[in-house]
Amino acid sequence: MAKPQPSEVFTTLKGYVQKLSDGERTPAEIGAALNDWAKESAESVKSKIHEEVESVVLKMGFIKREEFDALAAEVAALKKSAKKSAKKSAKKSSNKSNSKKSAKRSTEKKDSAKKVVKKSGSK
């Protein structure tokens, strides 16, 4: 929507006043037309402000709240998956060390049994 010049606004208002004084329009019709015009102008101003704010924010390097929330959710999901994988790797290493210990114990038992056999066999 093009920015109306002040002379255009006054011309429009003069036209409404003229129609009212000539009896072409009722005061209610003029009031409704002015309300509609004011609402359209307000929407236009809001739109322009929103566009300008977006432009300035992007130039400054800020992100939108939605983008921040999405990144925060992604980081939380990554942390959660990292904790799960850390727990799994800790369990695996614990299981490996337990199996190594039991293998070592069984080897020690075999070695001690061999020693006993050798001693009894040498007599």
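The values are calculated or read from the model by the stated rules, or taken from the named source; none is laboratory data. Source: prediction; values computed, not measured. A quick note on method: Cβ atoms are made from the backbone with ideal geometry, for glycine too, and the neighbour counts reach across all protein chains shown.
Values for this structure:
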read-out: Flag if LEU71 is loosely packed, with under 11 Cβ neighbours inside 10 Å, under 20 Å from the mean Cα position of the chain (by Cα), among the aliphatic types (A, V, I, L, M) and at pLDDT 90 or above; value: no
read-out: Residue pairs meeting the criteria (Cβ under 9 Å; at least 6 apart or on separate chains; first under 15 Å from LEU13 (Cβ atoms), in the range 27-45; second of a type in the set (Ser, Thr, Tyr) and in a helix (DSSP H, G or I)); value: ILE30/TYR16; ALA33/TYR16; LEU34/TYR16; TRP37/THR12
